[in-house]
């Protein structure tokens, strides 16, 4: 087991009150495994990823839980130890590539910094390693790209630079937060093919954060579905698509366009994710659930094993 998250709870202190962004997440990831963390915007996916690296905003607070990475509880480590882990053992690809790069420093120098800080090598040696990585991510004319600033690159090129930075030190764990959402469809497909090839080559474990079930299916060994700060279903990718158990998972799958059905309109789940300032009692999905029962309005379901799935729903058991 490479990563185990147990009962993670994260709150945000705001002027309107306390927001329970992550409310009891349990997640496990094996060495070399790729898990898709899927859910609507506001479900807590990104906060879960940032919590692993302890990169949350100042108004955020982890109030409970454990994040066990390679035998160490990251939440108990002093910050100087976390700094050694960031980039070297755990890396993250952020949603907007150009926002992740410093606009006033050439991109090659930014990637080289990872090698210089963690491996204590000279700048010339680091440059050789960066050029090698730029070739691995199929950037044209790596020498020119090395000297370029972020604003001189296209979105696809910037994302390739960010991927090379994240994988430069061959981390054990990579957290990818919707890395292709800012790109057009053609470039997105190219980046996804490159991403899949590199993580398999480097044998890196991945948490792939996305709202797109179809995209998660392309890359993931298993999928964890998240709703309103909780994991509601976990299973192998083929199991999720063949027999989804949770009503929310079924709704997400029905929302995927299918040209074979020739649907005139796409399915859309009624309602929206509840405000985590004042969430409803019981199961947080019950106001939108077509299968809700009386117990759903009173009690919170916990993840339980059902066949090859883990699911948090009173329809089972």
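The values are calculated or read from the model by the stated rules, or taken from the named source; none is laboratory data. Values in this document were obtained by computation on a predicted structure and should not be read as measured data. Positions of Cβ are generated from backbone atoms using ideal geometry, with glycine treated the same way; all protein chains shown enter the neighbour counts.
Per-residue answers, yes or no, for (1) touching a helix residue (DSSP H, G or I) at 6+ places or on another chain (Cβ under 7 Å); (2) farther than 22 Å from residue 302 by Cα; (3) at pLDDT 95 or above:
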{"position": "13", "(1), (2), (3)": "no, yes, yes"}
{"position": "16", "(1), (2), (3)": "no, yes, no"}
{"position": "29", "(1), (2), (3)": "no, no, yes"}
{"position": "32", "(1), (2), (3)": "no, yes, no"}
{"position": "36", "(1), (2), (3)": "yes, no, yes"}
{"position": "62", "(1), (2), (3)": "yes, no, yes"}
- Query: Across the stretch 289-302, what is the total count of residues that are surrounded by 18 or more Cβ atoms within 10 Å (Cβ to Cβ) and out of contact with any helix residue (DSSP H, G or I) (no Cβ under 7 Å at 6 or more places or on another chain)?
  - Reply: 1
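Out of the stretch 9-32, which residues are without any contact (Cβ under 8 Å) to a residue 40 or more places away in the chain and more than 26 Å from residue 204 (Cα to Cα)? If you could, list the steps in order and put the result at the bottom.
Step one: of the stretch 9-32, the residues without any contact (Cβ under 8 Å) to a residue 40 or more places away in the chain are 15, 28.
Within the stretch 9-32, just 15 meets the criteria.
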- Query: Quick one: which of 71, 32, 87 is surrounded by 16 or more Cβ atoms within 10 Å (Cβ to Cβ) and farther than 19 Å from residue 278 by Cα?
  - Reply: 87
- Message: For the stretch 292-303, check the following and say yes or no: at least one residue is modelled with pLDDT of 90 or more, at positive phi and assigned to a loop (DSSP other than H, G, I, E, B).
- Response: no
- Task: Sort out which residues of the stretch 33-91 are free of Cβ contacts under 8 Å to residues at least 24 places away in the same chain and in a loop (DSSP other than H, G, I, E, B), and write them in order of number.
- Result: 58, 71, 77, 78
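Out of 95, 110, report the one residue that is over 17 Å from residue 170 (Cα atoms) and touching a helix residue (DSSP H, G or I) at 6+ places or on another chain (Cβ under 9 Å). Reasoning before the result, please.
Working: 110 fails: over 17 Å from residue 170 (Cα atoms).
Just one listed residue meets the conditions, 95.
Return the only residue of 126, 99 being loosely packed, with under 15 Cβ neighbours inside 10 Å and out of contact with any strand residue (DSSP E or B) (no Cβ under 7 Å at 6 or more places or on another chain). Break it down stepwise before answering.
Working: 126 fails: loosely packed, with under 15 Cβ neighbours inside 10 Å.
None of the others qualify; the one that does is 99.
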- Message: For the stretch 303-317, which positions are over 12 Å from residue 248 (Cβ atoms), surrounded by 15 or more Cβ atoms within 10 Å (Cβ to Cβ) and out of contact with any helix residue (DSSP H, G or I) (no Cβ under 8 Å at 6 or more places or on another chain)?
- Response: 303, 306, 310
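Suppose we filter the stretch 12-29 for residues that are under 28 Å from residue 238 (Cβ atoms) and surrounded by fewer than 18 Cβ atoms within 10 Å (Cβ to Cβ); how many remain?
Filtering the stretch 12-29 down to residues under 28 Å from residue 238 (Cβ atoms) leaves 22, 24-29.
Keeping just the survivors that are surrounded by fewer than 18 Cβ atoms within 10 Å (Cβ to Cβ) gives 28.
Residues in the stretch 12-29 being under 28 Å from residue 238 (Cβ atoms) and surrounded by fewer than 18 Cβ atoms within 10 Å (Cβ to Cβ): 1 in total.
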- Count - residues of the stretch 152-168 that are assigned to a helix (DSSP H, G or I) and surrounded by fewer than 18 Cβ atoms within 10 Å (Cβ to Cβ): 2
